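> One structure, pasted below without further comment.
What follows draws every value from the coordinates through simple rules; no lab data is involved. Since the structure is predicted, the reported quantities are computational estimates derived from the model, not experimental observations. Counting neighbours? That spans all protein chains shown, and the Cβs are built from the backbone with ideal geometry, glycine included.
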Amino acid sequence: MNQTTVANFEKPIGCYSPSVQELIVIDDVLSAMVGIEGRYILIKTVRGKNDDISFLVDPSMDLALQELAKRIFPLCKSFLLIDQFVESRSQFQNGLVNHAFSAALRALLLDYQAMVAQLEHQFRFGRLSLQGLWFYCQPMMRSMQALSIVIQKASVNNISGSAVLNLLQSQAKAMAGDNAVRLMLEKMTQCASSAYMSILERWVYEGVIDDPYGEFFIAEDKSLQKESLTQDYEAKYWRQRYSLKDGIPSFLANIAGTILTTGKYLNVMRECGHNVQVPPSENSKLMSFGSNHQYLECIKAAYNFASSELLNLINDKYDLTGRLRSIKHYLLLDQGDFLVHFMDIARDELAKKPDEVSVEKLQSLLDLALRTTAAAADPFHEGLTCVVERSSLLRRLGTFNDLEVSQRSSTDNDLEETVSITGLETFSLSYKVHWPLSIVLSRKALAKYQLIFRFLFHCKHVDRQLCGAWQIHQGVRALNTRGTAISRSSLLCRSMLKFINSLLHYLTFEVIEPNWHVMYNRLQTANSIDEVIQHHDFFLDKCLRECLLLLPELLKKVERLKSMCLQYSAATQWLISSSIDLGDSEEPIDSVGLNKAKRKSGQVLKSTTKNVAVTDSVLKFEKEFNTELQSLGSILSNNSQAEPYLAHLAQWILGVKNEQNGL
């Protein structure tokens, strides 16, 4: 020790006898234990990122006394570090957890100072030696040193909130071999977590985030409003309005998802004006946690209550099942009479180009069809609206960002552009959904319904056109058309009808109906709204895939076949009128598309029955249709192992092909 340091002391302690030195050292050590310098023990603090505290001893002190005093200095240092931490972390901006931790430390320091006062009392009565002081400091020293390690780490990293709790817990686990220190650290963790648990309690019991310092592990994005569910394809409100942050307390890590969900459910009910609070019980307070895991049971009970309450609210008050059944009636074409009536009265409007279609007129026609059919008995039919898209189904699937559709090649685009689309290809229905049903029936879910509807609707349109063509052929059945182009055309028409009917049968009875019943049964046993969303989304995704809407190669084949059927049905009147001559007769023929045939019954075959142009046209339709049908059947058969549901469709398609080959 240099001369300057020695000069800082009073008369060197070495001038006194060892017994007197011991009394002086005990007095100085007791002062140092509460952060006060003595006559021969000085405290030196180096301020910085890591505050360093050291103790300077008069070098003339007896070496044995020096050694005993130095053993107690770590306790003195721990006291000073903890005291500084308490002062700094008690400030307003450091958060509730730091405030609670500081309060617990302050209480510990009071106990510590009481111990020092008792030791000083013993010293005043001459009943305390330096060796005895060292003995009495032993129990408190280990605890104080463990806490000093915690606060040093907390100070260096400037942590708050759950990070403080995790640090305390990890330190408690590290001290598993020292039961007293471990229990003390666990108690500190409980005290520090009390403010955090009060935030948690309000969240799981009321659905309210009362977190002024941003310490809670659940974040709220107030920019996302519930109204966005009807517009946002990604349904961000439900997934991102409340989300988990980093730094979840380790004792809540395994149940963090349940905690998040519980508060979300309570929030939904509050947004509905349904003020609900988890009923309190004797042990429902979450003010602390411990090894008995009672807090976990409280959280699970709160989750079960919130889940069942929300599910009952949506099912009973808002009739989710009834809404889903109503959507199935209209968007999945479960109720056929309204559709037939609508397609009849809206035929002319739907035949226009998409830009020329009047949505208002279609809406009025739709309302008329709904009011004059069995749909009028549905209390939810007023939510149905008309939509006219600006692109074909294939192009719409390509832009639907969540569907696994590969990029179309340029040849596919060329194919699509050559077909002049009308309102029949772009017409769709939509459904007005309000909160909280929009959680389940989000914009994304409705978009999937619309894709299925457009495919079904166009298939129905193709079926109606082919039925009209078939009626035209039936109108000339009285003629002897064996071996003529009309006979061959009639067989082709029947094959096309069998194809479209088989496709519709597959879509409705093999895909939609079975999957709907599976979903319906699952919804009856669902325990939470998240399970409802999961079952509903699974139903839609499964229907989309099994309806070929996620299989571009197959879908394009089906669209080509449908396009051929429409071209053929449009050409049927020309084929028939070019093959027969209408004469005078009193017996009428009931046919569609042959106005003259309704007035004339005597028909004679034209000399152009074997007209090469007519025959070639029929043969061309037949060849192209058979080629595409055979190609579709091959693809279905080849893919049926990877996609088992395609085997059902393959059976129907191959049945059409085999029947035609037999004819």
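> Determine the gain in length on full extension of the stretch Leu504-Gln93; use 0.36 nm per residue of separation and subtract their C-alpha separation, reporting nm with one decimal.
Extending this stretch completely gives an extra 141.3 nm.
> In which sequence would Val181, Val276, Val164 go, from the one with the fewest C-beta neighbours within 10 Å to the one with the most?
Exposure proxy ranking, most exposed first: Val276, Val181, Val164.
> Quick one: what Rg and Dmax do you get for the stretch 21-97 from the alpha carbons, in Å?
14.8, 49
> Here's a follow-up. Each label point is 7 Å from the Cα along the Cα-to-Cβ direction; what then is the distance between the points at Met115 and Asp316, in nm?
5.8 nm
> For Met33, Met115, which order do you get if you count the other beta carbons within 10 Å of each Cβ and list the fewest first?
Fewest-to-most ranking of Met33, Met115: Met115, Met33.
> How much length is gained on full extension from Gln651 to Arg127, taking 0.36 nm per residue of separation minus their Cα-Cα distance?
178.3 nm
> Can I ask one more? Label points 7 Å out from Cα along the Cβ direction at Gln152 and Ser198: separation in nm?
3.2 nm
> Hey, another quick one. Sorting check: for 453-459, 155-161, which peptide has the highest mean count of neighbouring beta carbons within 10 Å, and how do the rest follow?
453-459, 155-161
> Tell me, what is the FRET efficiency for Ala351 and Arg522 to the nearest 0.05, using R0 = 56 angstrom and their Cβ-Cβ distance as r?
0.85
> Related question: Please give the FRET efficiency for Gln240 paired with Ser19, using the beta carbon to beta carbon distance and R0 = 56 Å, rounded to the nearest 0.05.
0.15
> For the stretch 440-566, rounded, prolate or oblate, judged on the Cα gyration tensor with a ≥ b ≥ c (square roots of eigenvalues), a/c < 1.5 rounded, else prolate if a/b > b/c?
prolate
> Pop a pseudo-label 7 angstrom from the Cα along the beta-carbon direction at both Gln225 and Arg464 and give the gap in nm to one decimal.
Those two pseudo-labels are separated by 4.0 nm.
> Roughly how big is the stretch 3-156's charge dipole about its Cα centre, with Cβ charges of +1 (Lys, Arg) and -1 (Asp, Glu), in debye to the nearest 20?
400 debye
> Counting other beta carbons within 10 Å of each residue's own, what order do Thr45, Thr426 fall into, fewest first?
Ranked by crowding around the Cβ, least crowded first: Thr45, Thr426.
> Something else: Let me know the Rg and Dmax you get for the stretch 490-559 when you use only its Cα atoms, in Å.
Rg then Dmax for the stretch 490-559, in Å: 16.0, 56.
> May I pose another question? If the chain between Val359 and Glu297 were fully stretched, how many nm would it gain, using 0.36 nm times the residue separation less the Cα-Cα distance?
16.8 nm
> Report the FRET efficiency, 1/(1 + (r/R0)^6), for Arg390 and Asp541, where r is their Cβ-Cβ distance and R0 is 22 Å, rounded to 0.05.
Efficiency computed from Cβ-Cβ geometry: 0.30.
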